[in-house]
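Down below is the structure, laid out as structure tokens.
Each reported figure results from applying straightforward, stated rules to the coordinates on display, with no laboratory input. In this text the structure is predicted, and so the values were computed from the model without any measurement. All Cβ positions, glycine included, derive from the backbone under ideal geometry; neighbour counts span all protein chains shown.
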Amino acid sequence: MPLSDLIGIFEQYRGVSAANPPQNVQQDYQQAAEAVPPSHLADALGAAFRSGETPPFGQMLSNLFANSNPDQRAGILTQLLSAVGPAALGSGVLGSLGGLLQGGNAQVSAEQAKQVSPEAVQQLAEHAEKQDPSVIDQASQFYSNHPKLVQALGAGSLALIMSHLSRR
């Protein structure tokens, strides 16, 4: 895609809100995601995760997890679990996830990830964000490498991502 076309697409997203996304946001996002560096997409995704116009981070991450394949699920779970550490997994709702790190294994397998519900991921993400707010940046980096999956966040979130990209 020529740069002039991409600039034209971004122009329509300056100052757009999640409440009133353009009708063609899915297609525009797809074109932009193919053209921009993953680091730009990660920054824009992080801005959407932190925005007061989008659902909370845990809810958005749960949605992405639900739409991920087993390998992607394993990857994001590994990142979230490393952010909270094994001590946080000893009790409460997160206690059921403690088994994923048995024997000090820091990597979650695709098979293990299949056993984790999106609701558990939402709670894990909320806990991880409280313990280490940089987990949002880690998740943004992870999902910037899976731009098609980001479309599962919906038109409002994509509009904010496009708005952020338009300022770069």
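Numbers at a glance
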{"item": "Equivalent ellipsoid semi-axes - Cα gyration tensor, region 1-66, angstrom", "result": "22, 14, 11"}
{"item": "Helical mean residue ellipticity (222 nm; -39500 (n - 2.57) per DSSP H run of 4+; nearest 500) of the chain", "result": "-18000 deg cm²/dmol"}
{"item": "Rounded to the nearest 20 debye, dipole of region 3-166 from Cβ charges on Lys, Arg, Asp, Glu", "result": "220 debye"}
{"item": "Kirkwood-based shape ratio for region 3-166, expressed as Rg/Rh from alpha carbons", "result": "1.01"}
{"item": "Contour minus Cα-Cα distance for GLU11 and GLN26 (0.36 nm per residue)", "result": "3.8 nm"}
